[in-house]
Amino acid sequence: MVFLGVSGSSQSTENPLAGGKKPVAFNEVWAYLMAGEEGKVTGIEPFTDVCYFSAAINYRGKLAGQKKAPAVFAGKTTRVHLVIAELSNPALMHFCLNTGYGLRSSLIRDIVDAAADYHGVQLDFESVPAAEKDAFIGFVRELRSALGGKKILSIAVPPRRVSVDDAYDYAALAAVSDRIIVMAYDQHWSTSSPGAVASLWWCREVTAYAKSRVSADKLIMGIPLFARAWQDKKLARALTMNGLEEIKKNRSPEVQVCDRNGPYFTYREDVTVTVYFDDLDSIMQKMKLYSGERIKGISFWRIGQGSPDLWSYIDVSAVSSVDK
């Protein structure tokens, strides 16, 4: 097993400020909380903003699954944002974002109503087709107006190092929203070749591009608190008859017959697993990069996945709970 780079369980139990490390300062520290995982909030986290994953859009273009703001933050200065997520249905995005289908205005009303006891709303629309860029920007503009001046509207966008002809026009979206959250992770992903979740050089290029499109006072850079593992052999696969016969020849398995499923056999295969992850040092390198670039804030995906020691290395400064 090769370890190249966030595994919370690997952190030391020593004094978290040992070794001469100094906290990194930010104006805002955001983090994501999944509905049902409220118990993972310890109270020691330095979060200024929490994005609550609790709402989606159903096949009718209506808001579904929305919940009240989590009670764990009641009475605290932490701002809580309702996340509206649609991750994999470009056809649904087409019908919801365009004005000609009668869904856009009603969906915006649903979102405004659901956000009544939240400090803000975040759109995590990850499947907007490129052809719907103008409709997406128009939707965001209309939602911003409907929410009024007291709610914060943030938009989660995919990481980019160069301009891409897609719906996620950083500059245009920043012009009609209050924050742009760059999901600066998944440099490599579950179905890609093995590699870092978010290497430092890659984060540096993602930051440079984001800053060229979004003013630093609106920009929040995402930091992953998860690892990815790849195995060197893809064992779940279809076999040709020749491939099947080769396995039988090389492995000499005992063929059995099941009355329900027919013939089968079992054999063992060794697999090498490569895991790419971040430790405290590599997370701090990312935080120092973003702080050095005078980025307004950072966001963590997600609460409950990182080491509690991490929070000792973050200094939230110049924060106002009402200033947007």
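The values are calculated or read from the model by the stated rules, or taken from the named source; none is laboratory data. The shown structure was predicted, so the numbers you read here are calculated from the model rather than taken from an experiment. In this analysis, Cβ positions are derived from the backbone assuming ideal geometry, glycine residues included, and neighbour counts consider all displayed protein chains. Just the protein is used for accessible areas: all its heavy atoms, side chains included, with ligands, DNA and RNA removed. Shrake-Rupley method; radii C 1.70, N 1.55, O 1.52, S 1.80 Å.
Before moving on, here are some points about what is shown:
- Tally, over segment 192-205, of residues that are in a loop (DSSP other than H, G, I, E, B), surrounded by 11 or more Cβ atoms within 10 Å (Cβ to Cβ) and of a type outside the set (A, V, I, L, M, F, W, C): 4
- Odd one out for A56 among (1) more than 19 Å from L310 (Cβ to Cβ); (2) open to solvent by 80 Å² or more (accessible area, probe 1.4 Å): (2)
- Those strands (runs of 3 or more DSSP E) lying entirely in segment 226-288 with at least 1 residues modelled with pLDDT of 95 or more, at negative phi and open to solvent by less than 50 Å² (accessible area, probe 1.4 Å): 256-258, 273-276
- Residue count, segment 251-294 (criterion: under 18 Å from the mean Cα position of the chain (by Cα) and either of a type in the set (A, V, I, L, M) or more than 30 Å from A227 (Cβ to Cβ) (or both)): 2
- Just one of (1) open to solvent by 20 Å² or more (accessible area, probe 1.4 Å); (2) at pLDDT 95 or above; (3) among the charged types (D, E, K, R) fails for E14. It is (2).
- Note on segment 139-191: residues that are in contact with a strand residue (DSSP E or B) (Cβ under 7 Å, 6 or more places away or on another chain), hydroxyl-bearing (S, T, Y) and farther than 30 Å from V275 by Cβ amount to 3.
- Note on segment 297-311: residues that are within 11 Å of I223 (Cα to Cα) and open to solvent by less than 40 Å² (accessible area, probe 1.4 Å) amount to 5.
- Residue list for segment 272-290, filter: among the hydroxyl-bearing types (S, T, Y) and farther than 19 Å from N27 by Cβ: T272, T274, Y276, S282
- Residue selected from segment 72-102 under the condition farther than 17 Å from A55 by Cα and in a loop (DSSP other than H, G, I, E, B), by the criterion nearest to the chain's Cα centre (by Cα): T78
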